[in-house]
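S.K.: Handing you a structure now.
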Amino acid sequence: MHITSTGVLNVALWVGLVIMASPVHAGTLSFVNGQGVWTSTACDMPQGVGGAPQDPETPADDLNARSAGHAPYVRSVEDAMNCVAQEAENDAQVSGQIIIQEAQMLIQKLHAGTLPAPAYAVVAPTPPAE
């Protein structure tokens, strides 16, 4: 079997279209200006906490309250990072499986000759000038 560069390109484009049309496990995969963009959809992002007050006369109770709120915020950031990492890993595995499955089906169709023949334009020869 002889594989041409055009055939490889067609397979790559077809697999790319399948990937874009297929949902990933949890996140959203899209393409913007030729760049892949993955967005987490399963993880809650932490809400920011206010920074330290700039006024040196801030009461100690206010500083203590802000400090007490910082530890839960740090935990929520760590939880979000872990969630995003796990979601991305799962999505990458699912996407990889989709690519492999679709490529295998296409290869089987190519091998069996069950893909429809490409449409070619038939051009009648130009009669010779008299």
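A short reminder: the numbers here are calculations on the coordinates, not readings from a lab. Remember, predicted model here, so these are calculated numbers, not experimental data. Reconstructed Cβ throughout: ideal geometry from the backbone, glycine too, with neighbour counts over all protein chains shown.
S.K.: For each of R66, R75, count neighbouring Cβ atoms within 10 Å of the residue's Cβ, then give the residues from fewest to most.
M.R.: Least crowded to most crowded, the residues run R75, R66.
S.K.: What's the local net charge at G27, with K and R +1, D and E -1, over the other residues with C-beta under 10 Å away?
M.R.: For residues surrounding G27, the net value is -2.
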